[in-house]
Amino acid sequence: MKLCMAGTRGHYYMILEELKGMPDVEFAGMAPGFPEEDLAGFSKRCGEFGLKPHVYSHYRAMLDAVKPEIVCVFGPYEEHAEMCVEAFRRGMNVICEKPVATVQEDYEILRKAYSTSAVHFAAMTWMRYDPAMYTCWEAVRAGRV
């Protein structure tokens, strides 16, 4: 299975950590989330995990060239919805850093594109179950905070 990543904003490193235990997933491509994004830090982090994805100049070109099964979206927050829609239109599953949209109009476009596709979509909200985060949530819910 091929995975590509668009951008490095947010918790992208969590995907890199997960790839260690997934030998059947090929990290096939990386592209900046915006034209001026510096990927030097990302490349260094990939090296720490023994990963060497092919780097593309734009995420759309990467999606068209690689045709991955999974796209991880870590671009500018205000462009997440558009980036996800581009993947949906190509029949690609998406994991997206939050927020998935920053304005209602973009959310509605994203929702419609997803609802008319046959793909899977997940926002990176799994940290809510990390022990520290869950403890905070429990404290708020119990009225202690």
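The values are calculated or read from the model by the stated rules, or taken from the named source; none is laboratory data. Small disclaimer: the values here were computed from a predicted structure and weren't measured. Glycine also receives a Cβ, built like all others from the backbone with ideal geometry; neighbour counts cover every protein chain displayed. When the accessible area is computed, the model is the full protein with side chains, heavy atoms only, and any ligands, DNA or RNA have been set aside. Shrake-Rupley method; radii C 1.70, N 1.55, O 1.52, S 1.80 Å.
Hey, does region 68-76 have a residue that's modelled with pLDDT of 95 or more, surrounded by 14 or more Cβ atoms within 10 Å (Cβ to Cβ) and either hydroxyl-bearing (Ser, Thr, Tyr) or part of a helix (DSSP H, G or I) (or both)?
No, because not a single residue in region 68-76 is modelled with pLDDT of 95 or more, surrounded by 14 or more Cβ atoms within 10 Å (Cβ to Cβ) and either hydroxyl-bearing (Ser, Thr, Tyr) or part of a helix (DSSP H, G or I) (or both).
Answer with yes or no whether residue 56 is aromatic (Phe, Trp, Tyr) and within 23 Å of residue 22 (Cβ to Cβ). Don't jump to the end; show me each part of the working.
Values: aromatic (Phe, Trp, Tyr): yes; within 23 Å of residue 22 (Cβ to Cβ): yes.
Here the answer is yes, as residue 56 does meet what is asked.
What about residue 94, is it within 22 Å of residue 125 (Cα to Cα), part of a loop (DSSP other than H, G, I, E, B) and modelled with pLDDT of 95 or more?
Details: within 22 Å of residue 125 (Cα to Cα): yes; part of a loop (DSSP other than H, G, I, E, B): no; modelled with pLDDT of 95 or more: yes.
No, not satisfied.
All but one of (1) of a type outside the set (S, T, N, Q); (2) touching a Cys at 6+ places or on another chain (Cβ under 7 Å); (3) modelled with pLDDT under 95 hold for residue 100; state the number of the condition that does not hold. Against the list (1) of a type outside the set (S, T, N, Q); (2) touching a Cys at 6+ places or on another chain (Cβ under 7 Å); (3) modelled with pLDDT under 95, residue 100 comes up short only on (3).
Within region 31-44, residues that are over 11 Å from residue 55 (Cβ atoms) reach partners that are among the hydroxyl-bearing types (Ser, Thr, Tyr) and open to solvent by 60 Å² or more (accessible area, probe 1.4 Å) with beta carbons closer than 9 Å, at six or more positions or on different chains, in the pairs 35/57.
Results for (1) free of Cβ contacts under 8 Å to residues at least 40 places away in the same chain; (2) out of contact with any Cys (no Cβ under 9 Å at 6 or more places or on another chain); (3) farther than 22 Å from residue 110 by Cβ; (4) of a type outside the set (D, E, K, R), shown as yes or no for each residue.
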residue	(1), (2), (3), (4)
8	no, yes, no, yes
27	yes, no, yes, yes
49	yes, yes, yes, yes
55	yes, yes, yes, yes
62	no, no, no, yes
74	no, no, no, yes
80	yes, no, no, yes
88	yes, yes, no, yes
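The C-beta contact set for region 90-112 (first residue closer than 13 Å to residue 73 by Cα and among the charged types (D, E, K, R), second residue assigned to a helix (DSSP H, G or I) and open to solvent by 50 Å² or more (accessible area, probe 1.4 Å), distance under 9 angstrom, 6+ apart or interchain) comprises 97/77; 98/77.
Here region 118-141 is the region considered, the condition is being more than 15 Å from residue 82 (Cα to Cα) and modelled with pLDDT of 95 or more, and the residue that is most open to solvent (accessible area, probe 1.4 Å) is 120. Remark: residue 82 matches the filter, which requires a residue to be part of a helix (DSSP H, G or I), closer than 23 Å to residue 37 by Cα and open to solvent by 50 Å² or more (accessible area, probe 1.4 Å). Evaluated against (1) open to solvent by 10 Å² or more (accessible area, probe 1.4 Å); (2) touching a Leu at 6+ places or on another chain (Cβ under 6 Å), residue 55 falls short on exactly one condition, (2).
On inspection, residue 30 does not qualify as closer than 17 Å to residue 123 by Cβ, among the hydrophobic types (A, V, I, L, M, F, W, C) and either open to solvent by 80 Å² or more (accessible area, probe 1.4 Å) or touching a helix residue (DSSP H, G or I) at 6+ places or on another chain (Cβ under 8 Å) (or both).
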